[in-house]
Amino acid sequence: MKVVLGQLARAHIQAMILVCTGLLLAFAPDLYLFMLARAFLWPWTVLFVLFGLISIGLKRWWPASAAVVALLLTWMAQTTGRTSITTANGNVCLRVAQMNLYQYNDRHAAALQAALDTHADLISLQEVDSVWAQVFLHGIAARYPYHRIEPQHDCYGIAVFSKLPMQGIDLLHLGPRPAITAVVNTAEGPVRFLAVHATSPGSYNEFRDRQKQLAWLADLVSAAKMPTVVLGDLNTASWDDVFKQLCTKGDLHEGGGAPLATWPATVGLPLTPLDHVLVTPQLGVASTRSFPIPGSDHRGLVADITAPLP
């Protein structure tokens, strides 16, 4: 009898832990430690599924039921309040590519070829130091004659290469981090873009910096009155509160289907979507796909941006 009661008590404790974990992942405020845990909702979901299946196999019904509840809570956290997917019908006016190169990556030729293979009209690059700047200047400037490069040695250098003429190109600063903005003239009219690399929230102070940067980014987008594309390594998952606030205030939308995991690519299976392509309502996204960047810890993104038919 004592053995049975002990097993039942352990089952109840495990069930309680599972449900509490699911509740925290779904409803905890966007504070630093909770944000770190919530960044990996997809791995948490897999863990809950595995725990539930093991519990069913062992006929431990309390933990199995709790795993289902936790699974539903993490699913809800990923979908509740998410910005609507924009897939507006229209002509593709711009193909953009987003690439975090990883500053210490020495596979220069392969990464350069990956950029060319996107056949993008505009390529946004992050973690650009002086070496990467020279690699891309020598490697693709003939095909992408319009560019702006801001190399740095703190992993926050940034560059943009475009086949299309860029007007009003400007270097902005979101706090300590540079960003590039300009207007490109597409066949369907002018489109503004913002290429961004937000601070990685590796510490509490960096987390606060990222929150401020994304708030400033929302202000920049909302102040513009023309079609806008935001692309870059935003260092936030699609379900973070700060990401939802960025999309709400900036009237931005993800496109091309569900978010695509891009980091950490070094494990072979990225676990969270940190890189994004966002558009304002005047534009749509016909498709988005990810692709490997040789030597980088991120996967890249390619998106076809559409303008609505007249």
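The values are calculated or read from the model by the stated rules, or taken from the named source; none is laboratory data. Model, not experiment: these values are computed from the prediction. Neighbour counts run over all protein chains shown; Cβ positions are idealised from the backbone, glycine included. Note: accessible area is taken over every heavy atom of the protein model, side chains too, but ligands, DNA and RNA are not part of it. Shrake-Rupley method; radii C 1.70, N 1.55, O 1.52, S 1.80 Å.
Here are some notes:
- Flag for LEU137 being surrounded by 22 or more Cβ atoms within 10 Å (Cβ to Cβ) and touching a residue at least 12 places away in the same chain (Cβ under 8 Å): no
- Members of region 194-220 that are farther than 25 Å from PRO29 by Cα and touching a Ser or Thr at 6+ places or on another chain (Cβ under 7 Å): LEU194, ALA195
- All of SER124, SER130 fail the test of being modelled with pLDDT of 95 or more and surrounded by 15 or more Cβ atoms within 10 Å (Cβ to Cβ), apart from SER124.
- Residue match in region 248-266 (condition: under 10 Å from the mean Cα position of the chain (by Cα) and either over 27 Å from VAL128 (Cα atoms) or open to solvent by less than 10 Å² (accessible area, probe 1.4 Å) (or both)): yes
- Residue ID - most open to solvent (accessible area, probe 1.4 Å), chosen from residues in region 172-231 that are in contact with a helix residue (DSSP H, G or I) (Cβ under 9 Å, 6 or more places away or on another chain) and among the aromatic types (Phe, Trp, Tyr): TYR204
- Identity of the residue in region 228-241, more than 9 Å from the chain's Cα centre (by Cα) and at pLDDT below 95, that ends up farthest from THR74 (Cα to Cα): ASP241
- Where PRO308 falls short, out of the listed (1) within 28 Å of GLY202 (Cα to Cα); (2) of a type outside the set (A, V, I, L, M, F, W, C); (3) open to solvent by 10 Å² or more (accessible area, probe 1.4 Å): (1)
- The set of residues in region 282-305 being assigned to a strand (DSSP E or B) and open to solvent by less than 10 Å² (accessible area, probe 1.4 Å) consists of GLY284, VAL285, GLY300, LEU301, VAL302, ALA303, ILE305.
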